[in-house]
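A short write-up of the structure that comes next.
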Amino acid sequence: MSLTRDQILGILLDNLKEGIWILAILHKEEAPLAKEKLKLKVNEHYKSQHDGIELITSRHILDVLCARLEGAALVDVDTSRHRATKYSISELGKLIIEEYGKRQRR
């Protein structure tokens, strides 16, 4: 069985769940972010749309979400600077955000 590009993007999007918020922030920022800064920005944006509720309430949740995105090649990880891991959106992550936007407009 062979999957089309759209099917692959659809599968990734369907399984992304809360990770879409991290991708959206990384796409918006257009610069690598340290994990804690990423958590703050995601929560800030999420709270503004969900009556003050935080999405990422623990370091464990943050680590799991980041690991899932990294494993799916949706983020690029840079560990070379000052021991702080920095995350940026990958080219595949950008495609996922574009596909998400298309689906939201339908």
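Nothing in this text is a laboratory measurement; each read-out follows from the coordinates by a stated rule. Just so it is clear, the model here is predicted, and its values are computed rather than measured. A quick note on method: Cβ atoms are made from the backbone with ideal geometry, for glycine too, and the neighbour counts reach across all protein chains shown.
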request  = State the Cα centre-to-centre distance between the range 1-18 and the range 30-106 in whole Å.
outcome  = 18
key: Anisotropy class of the range 38-93 from Cα gyration tensor, a/c 1.5 cut   = prolate
ask   = What is the chain by shape, rounded, prolate or oblate, if you read a ≥ b ≥ c off the alpha carbon gyration tensor as root eigenvalues and call it rounded for a/c under 1.5, prolate for a/b larger than b/c, and oblate otherwise?
value = oblate
ask   = What angle do you read, to the nearest 10 degrees and between 0 and 90, between the alpha-carbon axis of helix 5-16 and the longest principal axis of the chain?
value = 40
ask   = How far apart, in nm, are two points set 7 Å out from the Cα along the Cα-to-Cβ line at Lys37 and at Ile20?
value = 2.6
query = What angle, in degrees between 0 and 90 and rounded to the nearest 10, separates the Cα long axis of helix 19-29 from the longest principal axis of the Cα atoms of the chain?
reply = 70
query = So how tilted is helix 35-49 from the main axis of the chain? Cα-based, degrees 0 to 90, rounded to 10.
reply = 70
